[in-house]
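Structure first, then comments.
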Amino acid sequence: MNCVEFNEKSVAAVREWVRPPAAVSIVDERALLRNAPHGSEEWLKYRANVAIVTASEVAACVGLSPCATPKKMFELRRGLVPRDDLSKNHHVQRGLRLEAPIRRLLQRILHLHESTRDWLVLGETGLYSKDVYGATPDGFVTPDRGRSLFPLEIKSRSSADPVDAPPLRYLIQLACHIVCTGARGGFYFSVTNDGAARAFFLTRNAAFDSFWREHIDDAAHKFIHTMKDVKGAPTWPHGRNMGAKKRRDAASAAVGGFCTTLFIYDGPRLVFDRFDDAVLFTL
């Protein structure tokens, strides 16, 4: 396949969902910490607060990440073990450098389809906070020039994501963006350096709220309670009756009620230069 393949049924469904004024997605500006722009001292201080869980850490803190456990996150957040220096992590830094080019690529791909031609991709935002959660979306997508805003999560991947849903830990990250901003949905867009791209839309519907309540919220509050109140080496009651993989499988089985594939792309016309991370747009 050498072209962008839109899921026409999904595009039409998302188009109806984001069509104003029936389902205008108004971002809760009260949740935006205006004095904490991305990377600022205030932003870093907020992220270090033991009373909150940030979007990128939610899956690990609730036991739904294959990369880290709640125990590991407790040790990191408490300073019991050192954190990795991400400023020296090539993959992390490359992902940060590519955020803006990938946003431009998403804008270009959306322009290819008649139903999404008028959608705009906006730049990086500030830090949003709600309850015990904090989130910094990689941008917003607006179908109506700013009246409605849907948070965007961008990933630069070494291998292509599945075609039916993002990896669970990244889906949870976007779900946290949606919860923190108060939006009615959100977009996920991933690109690999060999030319594969995936776009998904999460709808804030009853299935989404059930997923968040049953798989995330209770465990996140227990994690925060442990962070604030438990001394010494804690136990982790959430998930002890199910293996970690079984818990991830159960959560993954629930995402079909609110996750929609917008388009997939597998072809050589999207090129990432491995030396200077330049992006060549030939679509």
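Here's the yes/no breakdown for (1) without any contact (Cβ under 8 Å) to a residue 24 or more places away in the chain; (2) surrounded by 16 or more Cβ atoms within 10 Å (Cβ to Cβ); (3) under 18 Å from the mean Cα position of the chain (by Cα); (4) assigned to a strand (DSSP E or B):
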site: MET73; (1), (2), (3), (4): no, yes, no, no
site: PRO101; (1), (2), (3), (4): no, yes, yes, no
site: LEU105; (1), (2), (3), (4): no, yes, yes, no
site: GLU114; (1), (2), (3), (4): yes, no, no, no
site: VAL121; (1), (2), (3), (4): no, yes, yes, yes
site: ARG147; (1), (2), (3), (4): no, no, no, no
site: LEU152; (1), (2), (3), (4): no, yes, yes, yes
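Within the range 189-208, if we keep just the residues that are over 15 Å from GLY256 (Cβ atoms) and of a type in the set (Ser, Thr, Tyr), the residue that is modelled with the lowest pLDDT turns out to be THR192.
Within the range 183-206, the only residue that satisfies the criterion of being crowded, with 22+ Cβ neighbours inside 10 Å and more than 15 Å from the chain's Cα centre (by Cα) is ALA197. For ASP209, the conditions (1) more than 13 Å from the chain's Cα centre (by Cα); (2) within 18 Å of LEU64 (Cα to Cα); (3) surrounded by 18 or more Cβ atoms within 10 Å (Cβ to Cβ) are fulfilled apart from (3).
The values are calculated or read from the model by the stated rules, or taken from the named source; none is laboratory data. For clarity, every value in this text was computed on a predicted model and none was experimentally measured. Please note: Cβ atoms are built from the backbone with ideal geometry, for glycine as well, and neighbour counts cover all protein chains shown.
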